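First up is the structure itself, then whatever we jot down about it.
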Amino acid sequence: MFARQINDGTRQRRVSRAPLTWAVPALLVVFVFHYGAVIAGGWYAFTDWDGFTEPDFVGLENFARIFSSSQALGALANTLKLTVAFVIGANAIGLVLAMALNKGLKSRFVLRSVFFAPVVMSPLAVAYIWQFVFEVQGPVNALLGTVGLESWQRVWLGDATFAIWAVWAVMVWQFSGLCMAFYLAGLQSIPEDLTEAAEIDGASSWRTFRRIVFPMLAPAATVSISLTTIFGLRVFDQIMALTRGGPGYATETLATQVYKQTFAFGNFGYGAAFALVLTALVLVVSALQLTILRRRERVLQ
């Protein structure tokens with residue numbers, strides 16, 4: 001009897017170990033072809049490789065060059081400015097859309113599809129459409145002229161002050177629908193009994209939103225804000241299609257610098273250093289943001 005129990009225990013341990021064993025080949029493939037490439041790219045950040053000659057180890061020279069270059073620091077500032085504005089804009093509009101389309105309207109299902117449609121479109125295709133919208137003779141300037149605001153008309157993508165905000169408008173237009181979907185999922189998980197009880201007690205709509213709805217949207221907000229932050233930090237397609245980083249360096253970001261330094265100028269080592277800085281920035285900001293948002297969720301709930 002005792003021996004049988006031992007055999008049964010041994011068989012159970014083998015069964016419990018089997019799934020991990022089967023995952024080893026897949027994990028090796030992921031590590032070699034994904035993380036291995038990232039680690040190799042990280043090593044080139046410490047060299048002066050130009051893509052043709054043997055790379056020489058230069059230590060932290062590439063990073064010192066980045067943090068002493070006004071162009072590189074401008075790209076970093078543009079990345080952070082665009083990300084903060086994009087996260088606020090996309091999430092605010094997404095939340096308003098979700099509140100408006102949560103219930104009540106008969107056409108809400110059609111409208112949800114309409115607002116979500118830009119999310120599934122290629123960022124390049126969206127950017128080329130908006131390039132036409134922002135042209136000198138395009139719809140934006142035509143609309144401003146129609147309502148008597150001719151002084152506001154300008155070359156939107158050629159203006160060093162407004163070009164980055166044109167990129168921001170395109171990003172917010174495309175991803176507000178994604179934020180709307182997250183907040184709609186959060187709203188539909190709130191029991192109607194809670195809001196109905198608040199209405200019966202005489203709470204105003206704003207007080208109901210602030211005291212009941214907003215705290216219960218915390219998990220949806222965490223997902224939405226985290227994803228839009230990552231999208232904002234990595235923005236590339238929209239800028240390359242709309243402005244290519246110009247005029248001058250007005251819309252340069254870390255992602256466009258990675259591309260230009262590596263593939264346009266052949267500075268593979270310097271470009272790899274930009275990529276490493278961008279990766280570190282995404283990891284640090286995402287980790288900090290998730291920690292703060294998770295703590296906020298626990299406090300609100």
Next on the checklist: Once R0 is set to 25 Å, what does the formula 1/(1 + (r/R0)^6) return for the Cβ-Cβ distance between Ser151 and Ala77, expressed as a FRET efficiency to the nearest 0.05?
Outcome noted: 0.30
Checklist entry - Under a Cβ-Cβ cut-off of 14 Å, what is the net charge of the residues other than Ala197 that fall near it, where Lys and Arg count +1 and Asp and Glu count -1? => result -3
Next on the checklist: How far apart, in nanometres, would the label points at Phe209 and Ala125 be if each is projected 7 angstrom from Cα along the Cα-to-Cβ direction?
Outcome noted: 3.4 nm
Item to check | Kirkwood Rh in Å, taken over all unlike Cα pairs in the range 126-270 | outcome: 18.5 Å
Item to check | GNM top mover of Gly42, Gly74, Gly59 - the chain, alpha-carbon springs below 10 Å | outcome: Gly59
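Fully extended, how many nm does the chain gain between Ile230 and Glu54 (0.36 nm per residue separation, minus their Cα-Cα distance)? Can you show the working numbers first?
Details: separation 176, 0.36 × 176 = 63.36 nm, distance 3.43 nm.
Answer, rounded to one decimal: 59.9 nm.
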Next on the checklist: Using a 7 Å offset from the Cα along the Cα-to-Cβ direction at both Phe31 and Ser286, what is the distance between the two label points in nm, to one decimal?
Outcome noted: 2.0 nm
Checklist outcome for this item: With -39,500 (n - 2.57) per DSSP H segment of 4 or more residues and division by the full residue count of the chain, the 222 nm estimate, nearest 500 deg cm²/dmol, is -22500 deg cm²/dmol
Checklist outcome for this item: Under the 7 Å Cα-to-Cβ spin-label approximation, Glu297 and Lys103 lie apart by a distance in nanometres of 2.4 nm
Item to check | Among (i) 40, 33, 17; (ii) 37, 32, 22; (iii) 39, 38, 17, the entry derived from the coordinates for semi-axes √(5λ) of the Cα gyration tensor in Å | outcome: (iii)
Checklist entry - Quick one: what does P(r) look like for the range 50-167 with 10 Å bins over all Cα pairs, in whole %? => result 10, 22, 29, 22, 10, 5, 1
Item to check | Most fluctuating residue given options Ile39, Ile88, Ile200, as computed from a GNM of the chain linking Cα atoms under 10 Å | outcome: Ile200
Item to check | Nonlocal amide H pairs with Thr47, under 5 Å, H built at 1.01 Å | outcome: Val58
Checklist entry - Per residue, how much accessible area does the chain have with a 1.4 Å probe, in Å²? => result 59 Å²
Checklist outcome for this item: Quick P(r) readout (the range 15-102; Cα-Cα; 10 Å bins; whole %) gives 13, 19, 22, 21, 21, 4
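Calculate the all-directions average of the projected area of the range 178-245's alpha-carbon convex hull, and give it in nm².
5.8 nm²
The values are calculated or read from the model by the stated rules, or taken from the named source; none is laboratory data. All figures in this text were calculated on a predicted structure; none of them were measured in a lab. In this analysis, Cβ positions are derived from the backbone assuming ideal geometry, glycine residues included, and neighbour counts consider all displayed protein chains. Ligands, DNA and RNA are stripped out before the accessible areas are found, and what is left, the full protein with its side chains, is counted by its heavy atoms. Shrake-Rupley method; radii C 1.70, N 1.55, O 1.52, S 1.80 Å.
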